[in-house]
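Beneath this line is the structure, given in structure tokens, with notes to follow.
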Amino acid sequence: MSESNTPQAAHSEPREERRHRAGAFDIRNFIAALLGVYGIVLLIDGLVGTSDAEIAKAQGINVNLWTGIALIIASSLFATWARLRPVIVPERHDRD
Amino acid sequence: MVLAANLRLDANWVDYGLIGIYFVFVLGIGILARRSVSSSLDFFLSGRSLPAWVTGFAFIAANLGAVEIVGMSANGASYGIPTMHYFWIGAVPAMLFLGVVMMPFYYGSKVRSVPEFMRRRFGTGAHLVNAISFAVAQLLIAGINLFLLANIVEVLLGWPLWVSLIIAAAIVLTYTTLGGLSAAIYNEVLQFFVIVAALLPLTILGLKKVGGYSGLKDELLKFPDGVDRVSSWPGTNLTGIDNEVLSVIGIVFGLGFVLSFGYWTTNFVEVQRAMASKSISASQRAPIIGSFPKMFVPFIVVIPGMIASVTVSEVSPNAKVPDVNNAILYLIQDLLPNGMLGIAIAGLLAAFMAGMAANISAFNTVFSYDLWQQYVTSDHEDEYYTRVGRIATVAATIVAIGTALFASQYTNIMNYLQVLFGFFNAPLFATFILGMFWKKMTPTAGWVGLVTGTVTSVTVAVLSVDALGPMSIGVINLSGQGAAFVAAGVGFILDIAVSIVVSLPGKPKEESELRDLVYSLTPKADFREEEGSRVPWWQTPTKLAGVSLVLVTILNILFW
């Protein structure tokens, strides 16, 4: 499902200096940040905050710990994807 | 939804913290998206600039709101596996059809909304009917999403209904007024991942509890109607049609072809997301990419409902009145510790807010472009219409709060009104598909067919036993989902028939006016942007759709 966000000609085009990375507002960075924060909180909670009773309730699985790990992995995948294929957007020149 | 006092969750500061973090992100997206709004097209259609995977996820997330999560888990608890038909016979094939067949017309003709396509193809008669009924339906559904959200907060956390109504509405209002469709779409994408992070662990824990999928099946088979709950065909419990052959026809033609195709291909809430894509190919790929996660959504929505039906006594069919609407909430209460609890609540709130924002962002576009610009004032500058859109957003949110308060008093009426609006889609689909492929269809046929089809659908529903609840009078012996399938099917067929009869003697529009609107009058080059550019298979809409179709067929067979 991965898809090039870079227009085909972007690298060779002379107009390249008029384009810039949409770094601050690439939704992938947002997703990576939110999932990352959630992952870290859950991981810590799973390590120190989850009681034995809670683990028993969750069928013997430390679900906070494992979901935390999964979210951190998902977060780094999004961050890597955004890093490898940044969005190139044309500069706004009209009515800004 | 019944208020169940015993569903109160013991949320602690970690949970509240996780929910709070989510709101910070939501508002942050709104504020950042504000910067990219410099024209009305930016505000209403994200400047047609988004990559296909973003619009693809938004496409399904916009639909993954309260109605879907609560409704489909409830169906899972009531009917079991046949509920999968809503996804595998209904949504996925319809989304592929939209991407492969219809999206080129919507995107290629440069219309800004589905009603606008109607106006270009058939003139103002059909357009006005479509634009107004769509706008009204969106306000209603936005209100339902808001009500269900506030209701869940009340049940789970004990906050009074009006507090969460106003907070949720204010948040949605802030980011949609600031950032327009971009903010709505970005939040939908974010929401999708949060809801998966909440429901996937829940499903895994639930399955562990019942001994895996085979354990779940064994438990379900202990119910008197257990056999119907564990296999998808013929789905007689879902349709309420006893005859197996007719039940299958009802599912394939009624639910699949007519209701789902009608919903997914003509509902502007969905199509708007695809229209925001950056190219015609990306707009085609949006629903096709969306179909991949969509076919797996039932595993984290329907399956938990089924698990609840065997593990939660309040939800079990053996209960006096099975509380199926709260199936997911009971499961959350039973299985999730603090921490995951916060993610689950954030996910549900996110889904319901994103659903409401989707309705409102589609409403303000149709209101501004199709009603205000078309029928009130068309001679203002572009910025004026962005302003109209923002004011419409504020007004729509206030109306949605009112609707939500009404819904809290009259839950059933709201449900039936929603079913009623569902009947508008089937004839709409008939009119669109005929209009796109038959150049001789006249403007008169456009609105006459649409009105006849809609009136027929509603009439059949009224004559059935209970399709519209107390408004149905029971002349025709049809009940449950089957009645809805038949009503939609008859409306579809009559719409086509009447449109043909009216068109034959009439005078069609000039062929020059129908370029990009009718298949035979559109040069193939109009639907293809770059000549000769080589693209890998996953960027070719038809090939990608083929892969999706194979996958969904496998799923259908696995759960036969």
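Throughout, read-outs are computed from the coordinates displayed, never taken from laboratory work. Keep in mind that what you see is a predicted model, and the values were worked out from it rather than measured. Don't worry about glycine lacking a Cβ; one is built from the backbone with ideal geometry, like all the others, and counts go over all protein chains shown.
Computed values, structure above
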| item | result |
| --- | --- |
| Once exposed loop GluC sites (Glu not before Pro) are cut out (DSSP; at most 15 other Cβ, 10 Å), longest piece of chain B | B:1-380 |
| Compactness index (Cα Rg / 2.2 N^0.38 Å), the protein assembly as shown | 0.93 |
| Debye intensity ratio I(q)/I(0), log10, segment A:22-88, q values 0.19, 0.22, 0.24, 0.27 Å⁻¹ (C-alpha model) | -0.68, -0.80, -0.88, -1.01 |
| Listed residues B:Gly422, B:Ser464, B:Gly506: farthest to the positive end of the dipole of segment B:416-521 (Cβ charges) | B:Gly506 |
| Test item: Cα-centred dipole of chain B, Lys/Arg +1 and Asp/Glu -1 on Cβ, debye | 840 debye |
| R0 of 51 Å, Cβ-Cβ distance B:Ile473-B:Glu381: FRET efficiency to nearest 0.05 | 0.45 |
| Over chain B: helical MRE at 222 nm, DSSP H runs n ≥ 4 each giving -39500 (n - 2.57), nearest 500 | -22500 deg cm²/dmol |
| Extension gain (nm, one decimal) between B:Arg515 and B:Asn6, 0.36 nm per residue minus Cα-Cα | 177.2 nm |
| Cα pair count fraction exceeding 25 Å, expressed as % - segment B:341-483 | 53 percent |
| Peptide A:33-43 - average C-beta neighbours from other chains (10 Å radius) | 5 |
| Distance violations [Cα-Cα > 25 Å] among B:Lys440/B:Lys524; B:Lys294/B:Lys439; B:Lys217/B:Lys320; B:Lys110/B:Lys294; B:Lys278/B:Lys439 | B:Lys294/B:Lys439; B:Lys110/B:Lys294; B:Lys278/B:Lys439 |
| Charge dipole of the protein assembly as shown about the Cα centre (unit charges at C-beta), most positive-ward option of B:Ala276, B:Phe147, B:Phe363 | B:Ala276 |
| Proxy reagent accessibility, fewest Cβ within 10 Å first, across A:Asp52, B:Asp15 | A:Asp52, B:Asp15 |
| Surrounding net charge for B:Thr365, when Lys and Arg each add one and Asp and Glu each subtract one, Cβ distance under 10 Å | -1 |
| Over segment B:416-521 - Rg/Rh using Cα atoms and the Kirkwood inverse-distance radius | 1.09 |
| Unit charges at the beta carbon, dipole of segment A:22-88: most positive-side option, A:Ile61, A:Leu42, A:Ser76 | A:Ser76 |
| Cα radius of gyration and Dmax for segment B:390-460 (Å) | 16.8, 49 |
| Volume per residue that the Cα convex hull of chain B spans, once the total is divided by residue count, Å³ | 143 Å³ |
| Part-to-part distance (alpha-carbon centres) for segment B:1-75 and segment B:456-494, which is given in Å | 34 Å |
| Average partner coverage of A:66-78, which counts Cβ from other chains inside 10 Å | 2 |
| Helical segments meeting 20 Å axial Cα length and Kyte-Doolittle -0.5 threshold in chain B (DSSP H) | B:13-34, B:124-157, B:161-210, B:280-311, B:340-365, B:382-409, B:443-463, B:480-503, B:541-558 |
| Per-residue average of Cβ from other chains inside 10 Å of B:333-345 | 6 |
